[in-house]
Amino acid sequence: MKVVILQFPGTNCEYDTQHAFESLGAKTEILWHKSESVPSDTDLLVVAGGFSYGDYLRSGAIAKFSPVMQAVTKYAKSGGKVLGICNGFQVLTEAGLLPGALKRNDSLHFLSKHHHLKVVNNDNIFLEKLCNGDVVNVPIAHHDGNYYIDENGLKELYENNQVLLKYCDEEGNDKNPNGSVDSIAGVCNKEKNVFGLMPHPERAMEKLLGSDNGIKMLQGFLQA
Amino acid sequence: MKIVVNVSLKAGVLDSQGKAVHHALESLHFNNVSNVRVGKQIVFNLDESDEKKAMADVTRMCEDLLANTVIEDYAIELIK
């Protein structure tokens, strides 16, 4: 199992992500954004979190034109598995690989804290180790995490089981930290091979550090 | 020619910054203010004399990069 992790100027979660996947037994490689291809033995491509290009213009807007993104798009379109975490989610929506967009948090504050999430659809490789309705505790750390999609887009997301996770409280009741439409924290594409979420499962790998709920999430990718 | 592109959140997309600015204006006793929207302005020179061609170029820039048309509208101004 080989996990390739993208690195743009300003990415800062690539080593956490590498550590998380290696602790689960995967081989990893960090891929600089100037690369024009994705390694042929890639099983999962992760667009890691951070502040690519300083979030200039819009989060993820400049990164989508990095040389590597053409290869990422080709990889995704041919069925390759892609996971975008935080800034990676923003990059994937900007690149048109995931529906919707991420706006500034409603509160206008940068949020950095643990938050509970409810599993909405587990019929995909990312969440299949969890059950629908399960509540996980995973850190969030973002300024632009306010998920937006128009009414028709939202309907389509529900029809195709593309809503992965929603923000909630400890009991699983709706609790929205950033103003996201329907409290959505993560979505996938129709084909269910491209995944994006604002919370950081790679930061929830050790009970000692607050939660190890990220293990079950990332493990889903490792059995393929 | 000089190009001015104004980008703002679409009508119907909640503008939290606009709302915060509106509240601040109210606290300054400007009670006659409504519909505050915060956007951004991108200004540049374009080496192009044909207005039609310039408009076509800048429209493509907006669609591809300057605006995210999922949430934002853009307006282009050409200044000779």
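Computed quantities for the displayed model
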read-out	value
Residue in the stretch A:103-113 that is of a type in the set (A, V, I, L, M, F, W, C), touching a strand residue (DSSP E or B) at 6+ places or on another chain (Cβ under 7 Å) and crowded, with 21+ Cβ neighbours inside 10 Å present	no
Residue tally, condition within 25 Å of A:Leu97 (Cα to Cα), away from chain A (no Cβ under 11 Å), of a type outside the set (Ser, Thr, Tyr) and touching a residue at least 24 places away in the same chain (Cβ under 8 Å), over the stretch B:43-80	4
The stretch A:32-56 - residue that is over 18 Å from A:Gln223 (Cα atoms) and of a type in the set (Ser, Thr, Tyr) and, of those, most open to solvent (accessible area, probe 1.4 Å)	A:Tyr56
Given (1) open to solvent by less than 80 Å² (accessible area, probe 1.4 Å); (2) hydroxyl-bearing (Ser, Thr, Tyr); (3) in a loop (DSSP other than H, G, I, E, B), index of the condition B:Ser49 fails	(1)
Verdict on B:Leu9 being in contact (Cβ under 8 Å) with a residue 40 or more places away in the chain, within 11 Å of another protein chain (Cβ to nearest Cβ) and either among the acidic types (Asp, Glu) or surrounded by 12 or more Cβ atoms within 10 Å (Cβ to Cβ) (or both)	yes
Residue match in the stretch B:26-42 (condition: more than 14 Å from chain A (Cβ to nearest Cβ), in contact (Cβ under 8 Å) with a residue 12 or more places away in the chain, over 27 Å from A:Ser59 (Cβ atoms) and touching a His at 6+ places or on another chain (Cβ under 8 Å))	yes
Residues of the stretch A:30-82 satisfying the condition of being closer than 28 Å to B:Ile42 by Cα, under 17 Å from the mean Cα position of the chain (by Cα), part of a loop (DSSP other than H, G, I, E, B) and not aliphatic (A, V, I, L, M)	A:Gly49, A:Phe51, A:Ser59, A:Gly60
Failed item, numbered, when A:Thr11 is tested on (1) within 14 Å of chain B (Cβ to nearest Cβ); (2) under 19 Å from A:Leu98 (Cβ atoms)	(1)
Filter result (open to solvent by less than 80 Å² (accessible area, probe 1.4 Å), under 30 Å from A:Pro177 (Cα atoms) and among the aliphatic types (A, V, I, L, M)) within the stretch B:15-46	B:Ala20, B:Val21, B:Ala24, B:Leu25, B:Val33, B:Val36, B:Val38
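The values are calculated or read from the model by the stated rules, or taken from the named source; none is laboratory data. All figures in this text were calculated on a predicted structure; none of them were measured in a lab. Please note: Cβ atoms are built from the backbone with ideal geometry, for glycine as well, and neighbour counts cover all protein chains shown. Just the protein is used for accessible areas: all its heavy atoms, side chains included, with ligands, DNA and RNA removed. Shrake-Rupley method; radii C 1.70, N 1.55, O 1.52, S 1.80 Å.
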